[in-house]
Structure formats: C-alpha cells, structure tokens
C-alpha cells in the first residue's frame, strides 16, 4: 500500500479511541492545556536515501533540517515551539566527526530560536540513518491557526519567495555550486518561527499552513479542509531573481518550481479581506519584508490558476513524497 | 562513538539552550502546563534487526510493542498517557496484510488504555522498517515521580515478576513454543499504566522508573540520580513459576534474567518505610496483587546484592542495548 493508503488505514483503524484534542490532517495535533492554552505536537522522520543522501547532504545540514521541518510545522499553527525531542537510529560506519557536525547543525537552529532539546532515544541501525524529531509548541487557544479556517473572500498570502528550495535540490544533486542562495534555501531552510507566532496573534488571519509540498498541494489541502475553492494569479507569485536566473539558463518556467516544488517552508495563509492591507503593513513593519497576496479564496472547490486574470488550463501537481 | 558517547555529546552540545522543564535522564521530559499540571513527553524508536526481526516477531506484536514501551515510560512518571504519535519508515516488500496486523496491534493497546493516536508521519525507507512513537502524558505536578527522588531508608519494590521477558526472547529466538506465558511476557508486554498513575497519587512513593534494562541497570540509575546506594535481597525477587521451570530445564539460575534481563516493563519504585505496609495493602486491594519489597535504599552509592542477608560478590550487568 502507498503512503496515503497507509495513512487512511491508520485513521480508520484507530478512530475508535476518542481523541483528546484535534488536528488530524493539520500540521500539528492540538491538545488543550490549562488556563486557556494549548499544546501542539508534531513529529517528522527523515530517512537516509529518501530525504537526504549522505553523499550530497553535509552532516550539519541533516541535523539542521531534522529540527527545521518540525519547527516550521509548529510555526504554521500560530504558536511558539518550546521543546524538541530527537530519536536516531545510527548505522555503523559514520565517523565521530559526522555526528559532531550533525549535532552542531541541530544546536545552531535550537539556539537561534531558543528551543531546547528535552529528550530522545538512540538505537543502532542495521541499515540506514533515520532521524525522528518531535516538536512541542505552546500558545493561546485563540491563536491557533488551522488549515480548515479559510473563508470565501479571504486573500491568500505567502511569506516569502517560492521554488528556491526545489531549484537548490537540483543544483545539489548535480554537484553545481552556482546560485549558492538557492542551495542555501534547500540545505539551510530557516523555519518562519517568529512570523508564525506573530501571525497567530492576528485575528485577521484565518487559515495557515507551511509550504512543504508546493502551494499546489498545500493550498489544495486548505481548500478541501475549509470546503472552499481558491484562485491564484501566477504572475503574482513571489519568485526570486536567483530562481529566474537559474530557470532562464535551464530554459524552464520558474512558475513550475514555485507552484510544485517541495520544501519551501514559507507560510501560506488566508486573511480577511477587510484587514489585509493593515496586516501587510504591520507585518512589513515588524519583519522588514511584506507578505505577498497571490490570490483569493472562493466558494466551490479546487484551485483555479490564472495568468493575467485568464484561467490557464494547467494541472499543477504538488511535490510527491515517496 | 557508542550510544552513551553520542548521548553525552548531544547533552554537551545542546546544553546552551535553557530547558523549559526537566527530566533529562528520566523516563520522560517534564514540562509545566497551566493549573498546577504537567505535560510529560517520551519518544522511543524501534528498528528492524535491532529491536525485532520480521522473521520472528509477528506484525501485531511489533505494533503493540512500539506503543507499549512508550506508555510504560509515561506510567513510570506517575501520570496518565493521553496521546500517541507514530512515525514510520516503510520499506518495499511488506504486504498490506502485514501493515493491517501492525495497526491492529497498535490499536488494541490504544483501546485498552484509551490513548488516541493523534498524528504522525510516514515515509518510504530505502532499508529496514523503523517505527518511532512519541507519547504524551498529563497529570498533577505533585504526582510526578522522578528517578532522583529516592531517600535512604526507602523500601525498594517491584510491581510484578522479573525476568520473564528475557526468557521469552530466548524462547522466541529458538522457535520454541514451550512456556507460552514467557513468550507472551516478551511479545505482548502490558505496560502498567493504571499502576503507574495510581502510584503517582501516593505521596509515600518517592522514586519510580520502569524496568526496561533489568533492575541491575535501572536501580543503579535510581541510585546514581538520587545520590544513594541500595541493598537488594536476591531471595526476595519475584520470580514466576514459569521462569523457575524454564531455568531448571536450562540448568541456569533464574536470578540472572530477573536481575539483568531486558524489557520486563514492570515498575520499580521506592517507598517511605513508614508508609510501606499501607501502600502494599492498598495496592493489593486496588489491583488484586501485591508489589514486592526487594530491598532498601541506603546512604552511599551502588547496589549491593545479598543472598539470605550475606553480601554476594557478584557484579550484575543490566541489559546492554546496541
């Protein structure tokens, strides 16, 4: 069975036990804590050969990324990450130096956002390296942003450029050192921890998720969970000069990685139309750059892609994990 | 570097970020929640070829065990497990039927203790099957039992027979169907969730842990973290008739698996001497069996093993994980 079939089977199998909160299908589970607060929890596993190759990914970036993807999930709920846990299955043959660098990468990101490692587990591995990180977040129950909260009329925004990480992956795999800023977007993604917590405190923000599989897939999930449709204007997608330069050399359309590329880890959120201008200017005053409106939520279902206002007859597919 | 060296390096590397709670070195991390309550978190990874072999472990028991070891960790803190999260790396070649049985085992234990699966992650694996479960517990801050809380004079108790699981592992590996109750102790361990929560509510109980690596190792950890020593009377260890029978056939001493065997997952706890008799009778009234006093905490360090009151000159070593 494939990934989706396994997930659906797990959901069906285990639905008999009543949940103590909600969040199945969201970036994190949300559990009530005392005093009107919530605890959110997410867990992500990185497997050698699937998420990274030891031949191309430096140890430092594997440690960094293992934590980064989890902090991004917590941020996308609108709350602050407060602790992480790391379980690791370690094969024979990796050097002490490798593990030191791995931990250096994990530590650098822990320190950057003040998120302590509170525990974990280690085991031998008979095969590849596997790292599983769990992150815990805390915040006000009223700040939690769910994928399911988009409303028709909302403006859809992203908090940064799209597609850089996908191009960086191609560059890393080809061993190229061109466009170091694209490589960095892939290897040293910075989860938008501060932006996520700040957006959590804004009542104009309705739905939010992080962009892990490309907006084609992540926006589709917001739509299906909110029971809405969406319209996206492709000419408004924030695309970096580096990605434009790289795609021009490769003679490809930068819109494709911007819509379908994996692991951007920017935030994708919907904002009440009446409060959108204020939100953009307040965000820019706080973070020094503005989130970009790329479309709007509409009644109906599915995502309609427009170019200069005209519907394009193209089916974009988000990043497919194996 | 070996497991201990990696853990020590991780602790040193990551100590710069102040923790949001405590529990490093305990069965779970303990984080303050609102209203005088705590959230506890534990994560455990099972790797194919290390913790189980697909050739000998039925899928049902792999799913059961992946959750069981985590629920045992939460129980040993004196609080109630409230949620679990499962991350799984899935290799090619396992049948749909295998995953169904795996989830059936996970579900059976989830239902038994009413602990919902609240989320997780799935990925492909280029090599073996790896399962990482995170469990969350909640309880009163005053109920939390730490390994570090033993006091000289405390009575040391265990909540069940010791060594059965280690013998069951030997039987499973040899393909024997003798002593099914020992096999069951290994394959279908029942974490002492109710006992743990109940003991958490008793102020006479000082330190507690679950017995995952044999009391030689687990009691040594209580001693080193509490800055105490311990004396254990080997003739008082609770040893099942099955284990006696099996060891008699094998011409081995049942004390060895009882002291050094892994994965018993009973509770090991220390009790204020003045309240010990009351605790034993209240426990028996509640659960239908009595915990067994096996020794006492003393000033000093290390564990002294006695046989009929006389010190035995034997060094027991707990179960060594790879």
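The values are calculated or read from the model by the stated rules, or taken from the named source; none is laboratory data. What you see is a predicted model; the values in this text were computed from it and never measured. Neighbour counts are summed over all protein chains in view; Cβ atoms, including those assigned to glycine, are modelled from backbone coordinates with ideal geometry.
Quick look at the values:
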| item | result |
| --- | --- |
| Index of the failed condition, residue B:168 passing every other in (1) assigned to a helix (DSSP H, G or I); (2) closer than 21 Å to residue B:115 by Cα | (2) |
| Verdict on residue B:43 being surrounded by fewer than 22 Cβ atoms within 10 Å (Cβ to Cβ) and in contact (Cβ under 8 Å) with a residue 12 or more places away in the chain | no |
| Residue in the stretch A:257-279 that is exposed (fewer than 13 other Cβ atoms within 10 Å of the Cβ) and under 30 Å from residue A:48 (Cα atoms) present | no |
| Unmet criterion (only one of (1) more than 7 Å from chain B (Cβ to nearest Cβ); (2) over 20 Å from residue A:217 (Cβ atoms); (3) touching a residue at least 40 places away in the same chain (Cβ under 8 Å)) for residue A:12 | (3) |
| Exclusive hit being in a helix (DSSP H, G or I), in contact with a helix residue (DSSP H, G or I) (Cβ under 8 Å, 6 or more places away or on another chain) and within 12 Å of chain A (Cβ to nearest Cβ), set B:137, B:105 | B:105 |
| The stretch A:167-177 - residue that is surrounded by fewer than 24 Cβ atoms within 10 Å (Cβ to Cβ) and touching a residue at least 12 places away in the same chain (Cβ under 8 Å) and, of those, nearest to residue A:303 (Cα to Cα) | A:169 |
| Residues that are more than 7 Å from chain A (Cβ to nearest Cβ) and part of a loop (DSSP other than H, G, I, E, B), drawn from the stretch B:29-49 | B:36 |
| Answer from A:209, A:161, A:235 - the residue that is in contact (Cβ under 8 Å) with a residue 60 or more places away in the chain, in contact with a helix residue (DSSP H, G or I) (Cβ under 8 Å, 6 or more places away or on another chain) and either part of a loop (DSSP other than H, G, I, E, B) or more than 26 Å from residue A:105 (Cα to Cα) (or both) | A:161 |
| Qualifying position, being under 22 Å from residue B:298 (Cβ atoms), outside any loop (DSSP other than H, G, I, E, B) and in contact (Cβ under 8 Å) with a residue 60 or more places away in the chain, among B:269, B:283 | B:269 |
| Among (1) closer than 30 Å to residue B:206 by Cβ; (2) in a strand (DSSP E or B); (3) within 7 Å of chain A (Cβ to nearest Cβ) - the single one residue B:118 does not satisfy | (1) |
| Residue list for the stretch B:142-159, filter: crowded, with 24+ Cβ neighbours inside 10 Å and over 19 Å from the mean Cα position of the chain (by Cα) | B:154 |
| So residue B:18, is it more than 8 Å from chain A (Cβ to nearest Cβ), out of contact with any strand residue (DSSP E or B) (no Cβ under 9 Å at 6 or more places or on another chain) and free of Cβ contacts under 8 Å to residues at least 60 places away in the same chain | no |
| Residue match in the stretch B:141-154 (condition: in contact with a strand residue (DSSP E or B) (Cβ under 6 Å, 6 or more places away or on another chain) and in a strand (DSSP E or B)) | no |
| Residue match in the stretch B:287-299 (condition: assigned to a loop (DSSP other than H, G, I, E, B) and closer than 21 Å to residue B:69 by Cα) | yes |
| Residue tally, condition facing chain B (nearest Cβ under 10 Å) and either over 19 Å from residue B:118 (Cα atoms) or buried (at least 24 other Cβ atoms within 10 Å of the Cβ) (or both), over the stretch A:51-69 | 3 |
| From the options A:48, A:111, A:100, residue that is closer than 21 Å to residue A:185 by Cα, modelled with pLDDT of 90 or more and surrounded by fewer than 21 Cβ atoms within 10 Å (Cβ to Cβ) | A:111 |
| Members of the stretch A:1-24 found to be surrounded by fewer than 15 Cβ atoms within 10 Å (Cβ to Cβ) and either at pLDDT below 75 or part of a loop (DSSP other than H, G, I, E, B) (or both), listed by number | A:2, A:15, A:16, A:18 |
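Results for (1) in contact with a helix residue (DSSP H, G or I) (Cβ under 6 Å, 6 or more places away or on another chain); (2) buried (at least 20 other Cβ atoms within 10 Å of the Cβ); (3) assigned to a loop (DSSP other than H, G, I, E, B); (4) away from every other protein chain (no Cβ under 14 Å), shown as yes or no for each residue.
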| site | (1), (2), (3), (4) |
| --- | --- |
| B:77 | no, yes, yes, no |
| B:86 | no, yes, no, no |
| B:124 | no, no, no, no |
| B:133 | yes, yes, no, no |
| B:183 | yes, yes, no, yes |
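Matching residues to (1) over 21 Å from the mean Cα position of the chain (by Cα); (2) within 25 Å of residue A:186 (Cβ to Cβ):
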| site | (1), (2) |
| --- | --- |
| A:232 | no, yes |
| A:243 | no, yes |
| A:253 | yes, yes |
| A:265 | no, yes |
| A:274 | yes, no |
| A:296 | no, no |
| A:300 | yes, no |
| A:312 | yes, no |
